[in-house]
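Right, one structure below, let's go through it.
The values are calculated or read from the model by the stated rules, or taken from the named source; none is laboratory data. What you see is a predicted model, and the numbers here were worked out from it, not measured in a lab. Using ideal geometry, Cβ is built from the backbone for each residue, glycine included, and neighbour counts are taken over all protein chains shown. Calculation scope for accessible area: heavy atoms of the full protein, side chains included, ligands and nucleic acids excluded. Shrake-Rupley method; radii C 1.70, N 1.55, O 1.52, S 1.80 Å.
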Amino acid sequence: MIDLIEVFDRAETGPLISETDYYMKRYVPKLSEVIARHKVKWDKQTIINTDDALTDAVFEAAVDLIAEAGAYCPETNRVMQFSRDEIEVACAQAPRGATFGEGRERKTMYGRRPDTTDDRPWVHVGGGIYTSDEQVYMDTVEKMASFNIVDSVSVPSILHLRGKDSRVRSPQEILAACKTVRLAREGIRRSGRAGLPIINGISAASQPASMFAASYPDFGLRPSDGFLIDFLSEMVVGYEALQKVAFYNSISANIGSTSTPLFGGYAGGAEGVAVTATAYMIMGNLVFRGSYHYNAPLHSKLHLSSTKPLIWAIAMSNAAIGRNMGYPMVNLPYLGGGSGTKQYHYEMACYMLAVVTSGGNVFSGHPAMAVQTDSLVPDDHRFHAEIGLAAAKLTRAEAEPIAQKLFPLFGDKLKDPDKGLTFQEVYDMRTKQIVNAEYRKAMDEVREELAGMGLEVPVS
Amino acid sequence: MTDADHFDKLKQAIIDQDEDEVLDAVNAALADGIGAKTVIDQGLLPGLNVIGEQFEDEEIFLPELMQAALAFQAAMTILEPKIKEEGTAGEKKGVVVLGTVKGDLHSIGKNILKLLYETSGFEAHDLGIDVDLFSFINKAKEVDADIIAISALLTTTLVGQRDVIDALKDAGERDRYKVLVGGGATTREWAESIGADGWAATAYEAVTLSTSLVS
């Protein structure tokens, strides 16, 4: 595989082009071409694809897209070009596993193939949602880490210092990022699982300086945690991302290549999102040297990932990589329903059935499009991890009819999702026990409904 | 060919997002004596309205929207000099200055908004990403804007929206402009808390809201 310095050089030596021309003359037309060439088509009814020939066509289209459109570096206004051979070598040499954590919590997340029903996928819970209060923050992390089925956590954000929110690129942001990881590690320590990895490092850091500062070992993060590096916009590889690539490769840390292709944006519809999401996973290894991928396609208007075409596209990208590359993947769902609502559970179940049977690992996700403060409610995430583990026992063909039954239960609500609860509204703040009877009842009822549909979800 | 035929052809050419077809239709309409402003008002803008509706209904996506906008812009290079000659410049819906706040490098939502403003009859001045707060204000003064539209995707950059409003207040110019905020990290509650004139969840909603604010 081409070495990292060579990758960086591609941002300095590729053809010069404006960002608009990159999109209108390279990415957009090439995406249309590769979709037509490989006959990638969503039939508008299917939620979980089971056609392996179509899955492989998506993978080939993604390879062609990278080879023909390249990536774009906005700082140099150049296209980063890679040959088909270079891309194929990167696919062949991609990591099949990423090892996280310390001590007895040290484990390996593997890339999974679609329809694998006899393994135990990696279980990741949490999300980078904003938290209003240090106590709520610590309690949230402690409680999520304490669930014994959990292999890793995403920790929330806490941005304020002395009652004020920190601003992007400010010195306060560096302190907030350091505080975030210190509190997170302490919360995990209190759960009795000190070595448990945090793999969404670092949620409070929007700039490389904050990420690097908070990576100082005394603050609690380690190379065996996971550090997210994202593609900023469709196929854009900016200097900030490459700076993080340079640093985290220099300390041999786990890198989570991260992408958010937008449905309705430059990628277009379901087919374009499936191909672009797959291309990002390949570039995650080729450009970022990732250990695992954080796949987070989103709807450009609804700001969530649970529409029918998006679930199809997300599952498809998992299957394409699972069958052809084996790179470990988790998928970050942004769901419409608020915490504790039946809508949130239905959306999550549909999403899990699609992505886990298609080769993704288990990842609970964001309620309320990730914008409601204090909406990470740990027992939601435990339930959703249980759903994910149940889904892992099914094939795609077995999961599809259940997903079809679930979708009508939330599909019409996505434009105006049900409002949910906060941590404080669910738990007794002293004992941290659930005191909201409606919250418990909704979860129990959904568990029963899922069993009635053919998805038994055992309590962990 | 009747005037109505010309208008249908112009509208369809925009809907087809075909720049050559648009330019042919514009030249044919002008050759038959139809005024430049009429070409826009009765041919091109109805086509752009359809494009906007198709985008909202997810029948087309950003690339098609951009293609239609580029075809429209190409037509305007022919039509603008004619409008000046004819002295028929019409009323714009309004003038908007838009951009993504300082420290935030996200552009797609803002780019969609710009295109929808342009295709809805607004004059849109896009300042890009990572925009200094005074750039918003200076540009708004320069172009005599009606609306300042500010996008922020990150929680840590939200404060940039409040800064623009505060700076307008400090300068005694808060009432001169309507300020709209939007972007992934924003909520209606946030918009209200900083004293914005409006919040929109989507670009299409932002244009609808802008139309009501300037009418």
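Some notes on this structure:
- Evaluation of B:Tyr204 against (1) farther than 26 Å from A:Ala368 by Cβ; (2) open to solvent by 10 Å² or more (accessible area, probe 1.4 Å); (3) in a helix (DSSP H, G or I) (one fails), failing number: (1)
- When residues of segment A:230-263 are limited to those that are part of a loop (DSSP other than H, G, I, E, B) and farther than 18 Å from A:Ala209 by Cβ, the one nearest to the other protein chains (Cβ to nearest Cβ): A:Ser233
Residues are listed down the side, and each one gets a yes or a no for (1) modelled with pLDDT under 95; (2) among the polar types (S, T, N, Q):
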| site | (1), (2) |
| --- | --- |
| A:Asp115 | no, no |
| A:Met144 | no, no |
| A:Arg162 | yes, no |
| A:Asp165 | yes, no |
| A:Thr180 | yes, yes |
| A:Ile188 | no, no |
| A:Gly201 | yes, no |
| A:Ala204 | yes, no |
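- Hey, B:Ile165 among the β-branched types (Val, Ile, Thr), assigned to a helix (DSSP H, G or I) and either over 29 Å from A:Gly238 (Cβ atoms) or more than 14 Å from chain A (Cβ to nearest Cβ) (or both) or not: yes
- Test: residue in segment A:151-169 that is over 23 Å from the mean Cα position of the chain (by Cα), open to solvent by less than 60 Å² (accessible area, probe 1.4 Å) and among the aliphatic types (A, V, I, L, M): yes
- Set A:Thr55, A:Thr50: member being surrounded by 22 or more Cβ atoms within 10 Å (Cβ to Cβ) and more than 18 Å from A:Leu228 (Cβ to Cβ): A:Thr55
Matching residues to (1) of a type in the set (D, E, K, R); (2) touching a strand residue (DSSP E or B) at 6+ places or on another chain (Cβ under 8 Å); (3) at pLDDT 95 or above:
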{"residue": "B:Asp18", "(1), (2), (3)": "yes, no, no"}
{"residue": "B:Glu21", "(1), (2), (3)": "yes, no, yes"}
{"residue": "B:Asn27", "(1), (2), (3)": "no, no, yes"}
{"residue": "B:Gly35", "(1), (2), (3)": "no, no, no"}
{"residue": "B:Thr38", "(1), (2), (3)": "no, no, no"}
{"residue": "B:Asp41", "(1), (2), (3)": "yes, no, no"}
{"residue": "B:Glu58", "(1), (2), (3)": "yes, no, no"}
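- Within segment B:119-151, if we keep just the residues that are among the acidic types (Asp, Glu) and more than 14 Å from every other protein chain (Cβ to nearest Cβ), the residue that is most open to solvent (accessible area, probe 1.4 Å) turns out to be B:Glu142.
- Highlighted here are the helices (runs of 4 or more DSSP H) found entirely within segment A:264-372 that include at least 3 residues which are within 14 Å of chain B (Cβ to nearest Cβ) and modelled with pLDDT of 95 or more: A:270-286, A:308-324.
- Taking each residue of segment A:298-325 that is under 21 Å from B:Thr186 (Cα atoms) and looking for partners that are acidic (Asp, Glu) and at pLDDT 95 or above with beta-carbon atoms closer than 9 Å, six or more apart or interchain, yields A:Leu304/A:Glu347; A:Ser305/A:Glu347; A:Ser306/A:Glu347.
- Candidate set: segment B:1-33, residues that are touching a helix residue (DSSP H, G or I) at 6+ places or on another chain (Cβ under 6 Å) and either acidic (Asp, Glu) or outside any helix (DSSP H, G or I) (or both); chosen: the one farthest from B:Ile83 (Cα to Cα): B:Gln17
- Criterion applied to B:Ile108, B:Ile34 was being more than 14 Å from chain A (Cβ to nearest Cβ) and among the aliphatic types (A, V, I, L, M), and the one residue passing it is B:Ile34.
- Odd one out for B:Ala68 among (1) over 30 Å from A:Leu232 (Cβ atoms); (2) within 13 Å of chain A (Cβ to nearest Cβ): (1)
- Top-ranked residue in segment A:6-34 [being within 12 Å of another protein chain (Cβ to nearest Cβ) and over 18 Å from B:Ile108 (Cα atoms); ranked as most open to solvent (accessible area, probe 1.4 Å)]: A:Ser32
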